[in-house]
Amino acid sequence: MRYVEQSIKNSQIDILSRLAKTQEEIYVFGAGNYTLRLLASTDLSRCNIKAFIDNDTNKQGRVLENRPIVTPEILQQFIGKVIVCSALFAKEIVEQISLINPDIQSVVVR
């Protein structure tokens, strides 16, 4: 069980490393403590993040890592990858993204 969990974690970190290398434009869904930890401990901070997305209206309009925190509606016209950084609500966020724009590829990083 531990091996499987570690394999999944490593593959998710590999995705962030690839995105950092390619500099493909992405959005990050989640602007909380979990995202802050990932920015500090993975290649997420080296990725080409267009903006952070959060459902919390208290965070929207603020800035994180010199990038705006915006509403999920920004995804209506986006084609690309969204990195989902949520310790508790990843499944619900992926479903929300799919409802907004079914063409988006969501990648959950845990």
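Read-outs throughout are calculated quantities, based only on the coordinates presented, and are distinct from any laboratory measurement. Being a predicted model, the structure only gives us computed values, none of them experimental. For neighbour counting, all protein chains shown are included, and Cβ atoms are generated from backbone atoms with ideal geometry for every residue, glycine included.
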Lysine pairs within the range 2-108, Cα separation less than 20 Å, 8 or more sequence positions apart or different chains: 8
Cβ-placed point charges (K, R +1; D, E -1), dipole of the chain about Cα centre in debye, nearest 20: 360
DSSP beta bridge pairing in the chain, given as percent antiparallel to the nearest 5: 10
Per residue Cα convex hull volume in Å³ - calculated over the range 2-108: 101
At least 27 Å along the helix axis (C-alpha) and Kyte average at least -1.0, DSSP helices within the chain: 2-22
